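The values are calculated or read from the model by the stated rules, or taken from the named source; none is laboratory data. None of these values were measured; they are calculated from a predicted model. Cβ placement follows ideal geometry from the backbone for every residue including glycine, while neighbour counts extend to all protein chains displayed. Side chains are part of the model used for accessible areas, which takes the heavy atoms of the whole protein and leaves out ligands, DNA and RNA. Shrake-Rupley method; radii C 1.70, N 1.55, O 1.52, S 1.80 Å.
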Amino acid sequence: MKKFFEDIKKDIKFKSAGPGKKLTEDGSSKPHMVQSSGPAKPRHVAPTEGAQKAGAAALARIEGQSRPRVQTSQDAIRLQVKRELEAEAAAVAMTEKERKTTVEGSNVKDPAFLSVKGVYFTCPLTGATLTKSEREVHIKEAILMRFEEDAVEASIMMIHTFNRDREKVKAAVDIISKYIENICKNPTEEKYRKIKLSNKVFQEKVKTVEGSREFLEAVGFQSIMLDVDGQEETEEFLVLMEHDPEALELMKERRDRLQRGQPVRAQLDRQAQAFRPSPNAMHFELPPEFYNLTADELKREQQQKSEVVDKNAMLRTKAMREREEQRERRKYNYTLLRVRLPDGNILQGTFLAWDKVSVLFEFVRNSLVDGWQPFDLVAPGGHKLREDQELALNECSLVPAVLLTFAWDAAVQEDIVAAGGKGPTLLKPELLENIQTLS
């Protein structure tokens, strides 16, 4: 294919070079200029901006640079360009369509009518609220900014966050730890305080991990060009100058911090919200981020729901039911949970579909004034959840949106009855200050 396009380029250059000359002609004569007998034909205008960009990209690939299209007699060229244009224009159109597509089956177009505006995350370093697409870049920038405050801590974060391959990270951390251990055990041995950067182990295991060199420099290593026996040219080394005993102890502490390091990850923003009592508590309109399906898959899912009754009437084995339940659980990334409290108010929060049940209990507890007192959460159908359950929310069918019921523990309820039916204050003031009405 590459040769094919190179031949095309040569053909275009040949035909655009102008009229030929005989070898016997005087080379000093000026070329004959031909005036166009009419206005130039206007270029074809693609129906959309996306198609125009796609066409420019296709032509640029063929000609190697942007230039007016040269008409040739080779139908293959026109056909290839046409295919390129159509393919890229279709890709642009599809991307735009997917961007505008909302969850199939939902008539909600205005985000103001959604049960929750979207899925957001909080940066643990800056406290900023981020979308899913913003979180990775923001966290990297936040880590790099911390080098001014604490280069050691920033480089540790960099090693554990910037590199996705955990095995490579572990290997690099182990080697760096070995460097430091050798220095601490042999503080006067110069060979342990020098790291040759061309060393195979360093090149393959340490250099390939982002942040490793930054950490070594942060703990005191300096880049120095040194002579190497048997070589005319010098080579780069990372060298640690002699340290006193206190400095070596500090280096050990930094090594331990490196070994304990963990990736910096944006935390899901629960978006805790209180609502007044409402008959619409079971009505949910979710944004697309909650689903782990494309728009087409969601459409097919809606069509299949009409077959559920007939399907349930069929005799199915336990294994078949379990497989279907597993497929159902994988459809959702997040879940929106509401808890109806004894006073009728409703507490709402966003969770990962694979969060444990204990995470839900902790969220409710942290939202209550007297959250230290025992309570129960009851799922639809009367199933009582247990805080010590080692089950994920999707394993308990608490996806993609569910209304649960809050109830005080039996002992607490007895105290409430004895006090004349007046229970303790429920939601914290900061939630009640921003209480809203469900539409």
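Somewhere in segment 375-383, is a residue among the β-branched types (Val, Ile, Thr), open to solvent by less than 40 Å² (accessible area, probe 1.4 Å) and part of a strand (DSSP E or B)? Steps first, answer last, please.
Within segment 375-383, the subset among the β-branched types (Val, Ile, Thr) is 378.
Right, trim to open to solvent by less than 40 Å² (accessible area, probe 1.4 Å) and you get 378.
Now narrow it down to the ones that are part of a strand (DSSP E or B): 378.
Yes: one or more hits.
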Quiz item: Identify, please: which residue in segment 404-420 is part of a helix (DSSP H, G or I) and in contact (Cβ under 8 Å) with a residue 24 or more places away in the chain and is, among those, farthest from Thr350 (Cα to Cα)?
Solution: Ala411
Quiz item: Among the numbered criteria (1) within 30 Å of Leu438 (Cα to Cα); (2) open to solvent by 60 Å² or more (accessible area, probe 1.4 Å); (3) modelled with pLDDT of 90 or more, which single criterion is violated by Glu289?
Solution: (3)
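Residues being over 21 Å from Gln267 (Cα atoms) and either among the β-branched types (Val, Ile, Thr) or crowded, with 19+ Cβ neighbours inside 10 Å (or both): count how many of those fall in segment 352-374. Even if it seems obvious, please write down each step before you answer.
Pass one, segment 352-374, residues over 21 Å from Gln267 (Cα atoms): 368-374.
When the remaining residues are screened for being either among the β-branched types (Val, Ile, Thr) or crowded, with 19+ Cβ neighbours inside 10 Å (or both), the result is 368-369.
Counting residues in segment 352-374 that are over 21 Å from Gln267 (Cα atoms) and either among the β-branched types (Val, Ile, Thr) or crowded, with 19+ Cβ neighbours inside 10 Å (or both) gives 2.
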